[in-house]
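Structure first, then comments.
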Amino acid sequence: MNGENGIVIAGIGGSLRTGSFSRKVLEKAVTLMPEGSSLQVADISKIPIFNAETTRNPDASVVDFKNLISNSDGFLVVTPEYNYSVPGYLKNAIDWASVPNNVFAKKIGAIMSSSTGMMGGSRAQYHLRQTFVYLDSRIINKPEVIISFVDKKINEKGEFSDENAEKFMRDLLNNLVTEVRNQISSAR
């Protein structure tokens with residue numbers, strides 16, 4: 001947390017598919033972080049299906065994920081939209097991170113979504129917002145980063161051709177880091 005390396009934000013999501021657009025958005029976010037902050041991307045690909053009977057002795061992938069969130073100053077979730085909602089693997093990771101101790105409680109976070117369709121993953125983003133309300137996280141609301149027709153805005157190399165999407169991403173990350181810094185300052 002906010003040590004000699006500055007503000008640390010945990011990055012969650014992308015997609016499990018290699019080369020996914022959401023993963024490219026997450027990778028782009030790494031490069032857009034404000035000065036004095038960094039985005040450390042979590043690997044949630046090996047987290048097992050949630051089972052309440054195993055929460056007292058979780059898999060190492062769950063422990064690593066929870067430690068990343070716990071030791072970060074804030075978090076960023078980048079999600080695609082599956083069937084009008086959050087991908088199951090992403091919700092699964094969030095469920096693991098909430099029990100038996102909720103590592104998202106009191107954390108400040110932000111959400112970005114993307115889709116090849118017109119809605120840009122907005123429905124998945126709104127479902128995530130509801131989840132984080134319950135988990136007692138504070139989500140930065142503005143600007144909303146909802147990237148529609150993402151397949152037309154990012155090339156194979158992950159380069160954005162949409163300056164507005166990149167601007168909104170940068171603005172949201174700036175707002176996230178600013179709020180995290182304010183939270184840290186007021187806690188002192």
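Read-outs: derived from the displayed coordinates by stated rules, not from any lab. It should be emphasised that the depicted structure is a prediction, and the values quoted were computed from it without experimental measurement. Cβ coordinates were reconstructed from backbone atoms using ideal geometry, including for glycine residues, and neighbour counts include every protein chain displayed.
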What ³J(HN,Hα) values, in whole Hz, does the Karplus curve 6.51 cos²θ - 1.76 cosθ + 1.60 give for the stretch 132-145 when θ = phi - 60°, with x put for Gly and Pro?
6, 4, 4, 7, 6, 9, 10, 9, 5, 8, 10, x, 6, 9
Fewest-first ordering of 112, 33 by Cβ atoms within 10 Å yields 33, 112
Dipole of the stretch 44-188, Cα-centred, from +1 at each Lys and Arg C-beta and -1 at each Asp and Glu C-beta, to the nearest 20 debye?
400
With 25 Å as the limit, write out which pairs from 66/91; 46/153; 46/91; 24/46; 91/152 have Cα-Cα distances beyond it, or answer none.
46/153; 91/152
Distance in Å, no decimals, from the C-alpha centre of the stretch 20-93 to the one of the stretch 103-136 is 12
Give me the one-decimal nm value for the distance between modelled label points at residue 156 and residue 95, 7 Å along each residue's Cα-to-Cβ direction.
3.8
In a Debye calculation with equal point scatterers on the alpha-carbon sites of the stretch 7-187 and no solvent, what is log10 I(q)/I(0) at q = 0.08, 0.10 Å⁻¹?
-0.22, -0.35
Scalar couplings 3J(HN,Hα) for the stretch 84-91 by Karplus 6.51 cos²θ - 1.76 cosθ + 1.60 (θ = phi - 60°), nearest whole Hz, x for Gly and Pro, are 6, 8, 7, x, x, 5, 6, 4
Using Cβ contacts closer than 10 Å as the measure, can you line up 163, 81, 144 from fewest to most?
163, 144, 81
